[in-house]
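S.K.: The structure under discussion is supplied below as structure tokens; questions concerning it will follow.
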Amino acid sequence: MIDYLCEKIMDKKAIEEIMANDALLERFMEILVDEINNDDEAYYKKGRQLLDLCLSDENADDFFIAICGWSVDSLLEKL
């Protein structure tokens, strides 16, 4: 039996087009914030997923800085 790896492939062309358009960048963030606010997943589950990402990806801190302006360590200090 052959195992196939399933990779998540992002649409880089679409991302580049959005990055070149301030209105689309704003709309992307509006959608993201709306989806975060309307997601019914329990906060503790979201927290676990995000902190698991921090343990497995050395660039995870970049995500937190981009999304809220704070590093993971700074957020942990607020606990």
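S.K.: Given the criteria among the small types (Gly, Ala, Ser) and at pLDDT 95 or above, does Ala20 qualify? If you could, list the steps in order and put the result at the bottom.
M.R.: Working: among the small types (Gly, Ala, Ser): yes; at pLDDT 95 or above: yes.
The answer is yes for Ala20.
S.K.: What's the total number of residues in region 17-40 that are surrounded by 10 or more Cβ atoms within 10 Å (Cβ to Cβ) and assigned to a helix (DSSP H, G or I)?
M.R.: Residues in region 17-40 being surrounded by 10 or more Cβ atoms within 10 Å (Cβ to Cβ) and assigned to a helix (DSSP H, G or I): 15 in total.
S.K.: Another question, then. Taking only region 43-70 into account, find how many residues are at pLDDT 95 or above and in a loop (DSSP other than H, G, I, E, B).
M.R.: Matching residues across region 43-70 total 2.
The values are calculated or read from the model by the stated rules, or taken from the named source; none is laboratory data. This structure is a prediction, so every number in the text was calculated from the model and none was measured. Don't worry about glycine lacking a Cβ; one is built from the backbone with ideal geometry, like all the others, and counts go over all protein chains shown.
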